[in-house]
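Down below is the structure, laid out as structure tokens.
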Amino acid sequence: MVFTTQIFIFYFLPLFLLVYYNLPLAWRNVWITLGSYVFYGWWEPWFAGLMLFTTIMDFLWGKVITRPGATRLQQKLAVMACVVTNLSFLGIFKYYMFAAETLNQILAATGAQQFRVLQVVLPIGISFYTFHSLTYILDLYRGHATPAKSFSGFSAFVALFPDLVAGPIIRYKTLAEQLQQREHTASRFASGVAIFVVGFAKKILLANPCGLVADVVFNAANPCALDAWVGALAYAFQIYFDFCGYSDMAVGLGRMLGFEFLKNFDAPYRSESITDLWRRWHISLSNVLRDYLYVALGGNRKGEGRTYFNLAVVMVLGGLWHGAKWNFVLWGAFHGLLLVSERWRGRRSVYDALPRPGRIALTCLLMLFSWVLFRADNLTAAVNYFQAMLGFSAAGNITPLLGAIIYTPYHLIILAACAGLVFQPLQAHDWAQSPLTWRRTALVVPLFVFSLMAMFSQSFNPFLYFQF
């Protein structure tokens with residue numbers, strides 16, 4: 001199920017909230033679990049069965065790790081077994097076909113016989129709920145979290161539908177107390193509605209039109225340089241407002257249920273370096289990669305060379321986490337190289353020779369090139385697109401068909417609005433913290449109505465991060 005659909009807005013959410021607020025407090029986590037499984041299993045019921053199996057498994061592993069009298073060796077073996085099992089599921093469903101097809105390409109290049117690749121369906125959101133469970137187990141082992149007191153509480157944490165399929169990645173220790181006791185007030189609920197509406201509008205009014213422009217250009221055979229730059233810019237706006245909009249909606253829905261999620265974006269296109277950008281973009285993923293991978297590899301405690309190596313490995317794996325394609329591997333390697341370069345140069349970095357607007361512009365330019373790798377269907381398509389951006393494409397002028405779609409007044413206004421919004425400092429997450437006054441209500445209500453009208457006129461457009 002998708003947040004930006006009629007069935008969610010008019011049926012699932014009202015019914016879910018109606019039952020939720022009429023249940024005793026002790027039964028609300030159970031209802032969250034049941035409702036979340038309906039939400040998740042709406043696409044394919046067996047997806048829900050797989051999540052239930054891994055949830056039971058991880059809950060039991062947690063009991064083994066925290067069992068009174070368990071030795072450190074027993075705990076370590078339990079953690080290893082849990083990590084291997086979870087990553088095996090992730091590997092089978094997400095990376096098997098990528099590895100098999102890569103091996104077939106190598107066999108073909110050497111003249112050896114290829115083998116048949118089994119087609120595997122990727123369960124939506126498996127990367128996110130796998131990370132949720134793994135952080136729980138690792139935090140138990142490290143002593144950074146207390147074990148779940150009940151299966152209903154743990155299953156509600158794993159299946160919590162607001163952040164189930166596209167993040168943010170929430171750690172159990174962040175919600176542990178809230179799963180046991182949380183505050184339900186009219187002001188918190190109203191705040192949740194406000195931030196949900198803002199996120200809904202970001203997706204419907206901004207991300208989807210930008211996505212149409214980006215798709216047209218990236219699917220074109222020979223876009224000219226101007227078309228290619230506009231397409232890349234449109235995709236940069238699309239992926240930001242798409243994922244930031246989803247995160248806002250997740251935070252808003254969480255507040256409606258009494259939960260408080262951490263902010264996942266902090267004006268990333270205002271970053272003054274790539275290092276700064278990764279403190280602002282998909283903050284929950286950055287924190288997980290830092291705390292559970294970078295630190296585990298040694299962080300910056302083993303000398304400069306090892307620090308550079310750790311940064312590069314983390315970013316390559318972070319790229320691979322986004323998808324099983326070489327594009328994502330190179331995207332991660334590109335960001336790893338930039339992070340290593342910035343750390344190596346230190347205060348001698350090129351950023352320090354620029355005024356603040358120059359630092360922001362350079363960071364955005366680097367990010368824009370990286371988004372081409374992220375969006376292109378394959379490496380060949382990415383190379384061709386880079387050639388078009390640099391003016392080496394066969395097309396010399398604006399393609400008439402593309403121009404008729406891209407350069408309409410509507411799309412130009414949307415692109416201009418996106419450019420203005422990404423560089424302003426006020427964030428929806430912070431804006432919604434304040435009480436919902438009548439002035440804010442006068443903004444939220446028509447914004448929601450207008451977004452609903454736009455939703456009815458648009459074709460189905462799922463969130464980009466569903467594929468990751």
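Taking region 187-291 as the region of interest, the helices (runs of 4 or more DSSP H) fully inside it that hold 2 or more residues being in contact with a His (Cβ under 8 Å, 6 or more places away or on another chain) and crowded, with 21+ Cβ neighbours inside 10 Å are 208-218, 225-256. Taking the numbered list (1) out of contact with any helix residue (DSSP H, G or I) (no Cβ under 9 Å at 6 or more places or on another chain); (2) not in a helix (DSSP H, G or I) in turn, residue 70 passes all entries but (1).
Looking only at residues of region 381-414 that are of a type in the set (Gly, Ala, Ser), loosely packed, with under 13 Cβ neighbours inside 10 Å and not in a helix (DSSP H, G or I), we find that the one that is modelled with the lowest pLDDT is 396.
Scanning region 287-330 for residues that are among the polar types (S, T, N, Q) and closer than 15 Å to residue 342 by Cβ, which turns out nearest to the chain's Cα centre (by Cα)?
Per the criteria, the residue is 310.
When the test is whether a residue is at pLDDT 85 or above, β-branched (Val, Ile, Thr) and either in contact with a Phe, Trp or Tyr (Cβ under 7 Å, 6 or more places away or on another chain) or under 16 Å from residue 236 (Cα atoms) (or both), residue 329 does not pass it. Are any of the residues in region 115-125 over 22 Å from residue 320 (Cα atoms), at pLDDT 90 or above and of a type in the set (D, E, K, R)? Taking every residue of region 115-125 in turn, none turns out to be over 22 Å from residue 320 (Cα atoms), at pLDDT 90 or above and of a type in the set (D, E, K, R).
Has region 156-173 got any residue that is surrounded by fewer than 21 Cβ atoms within 10 Å (Cβ to Cβ), part of a helix (DSSP H, G or I), in contact (Cβ under 8 Å) with a residue 12 or more places away in the chain and in contact with a helix residue (DSSP H, G or I) (Cβ under 9 Å, 6 or more places away or on another chain)? Checked against the condition, which is being surrounded by fewer than 21 Cβ atoms within 10 Å (Cβ to Cβ), part of a helix (DSSP H, G or I), in contact (Cβ under 8 Å) with a residue 12 or more places away in the chain and in contact with a helix residue (DSSP H, G or I) (Cβ under 9 Å, 6 or more places away or on another chain), region 156-173 yields at least one hit. Take the conditions touching a residue at least 24 places away in the same chain (Cβ under 8 Å), more than 30 Å from residue 201 (Cα to Cα) and out of contact with any Gly (no Cβ under 9 Å at 6 or more places or on another chain) and apply them to residue 53. Does it pass? No. Among the residues of region 340-359, those that are part of a helix (DSSP H, G or I) and either in contact with an Asp or Glu (Cβ under 7 Å, 6 or more places away or on another chain) or under 30 Å from residue 124 (Cα atoms) (or both) comprise 351, 356, 359.
On inspection, residue 333 passes the criterion of being outside the structural domain of residue 91 (by TED's automatic domain parsing) and assigned to a helix (DSSP H, G or I). I'd like to know if region 32-48 contains one or more residues that are over 21 Å from residue 137 (Cβ atoms), touching a residue at least 60 places away in the same chain (Cβ under 8 Å) and of a type in the set (D, E, K, R). Yes: region 32-48 contains one or more residues that are over 21 Å from residue 137 (Cβ atoms), touching a residue at least 60 places away in the same chain (Cβ under 8 Å) and of a type in the set (D, E, K, R).
Of all residues in region 116-150, those satisfying the criterion of being more than 20 Å from the chain's Cα centre (by Cα), of a type in the set (A, V, I, L, M, F, W, C) and closer than 19 Å to residue 79 by Cα are 137, 138, 140, 145, 148. Look through region 67-102, keep the residues that are in contact (Cβ under 8 Å) with a residue 12 or more places away in the chain and either over 28 Å from the mean Cα position of the chain (by Cα) or not assigned by TED's automatic domain parsing to the domain that holds residue 56 (or both), and return whichever of them is surrounded by the fewest Cβ atoms within 10 Å (Cβ to Cβ). Within region 67-102, the match that is surrounded by the fewest Cβ atoms within 10 Å (Cβ to Cβ) is 76.
The values are calculated or read from the model by the stated rules, or taken from the named source; none is laboratory data. No experiment lies behind these values; they were computed from the predicted model shown. In this analysis, Cβ positions are derived from the backbone assuming ideal geometry, glycine residues included, and neighbour counts consider all displayed protein chains.
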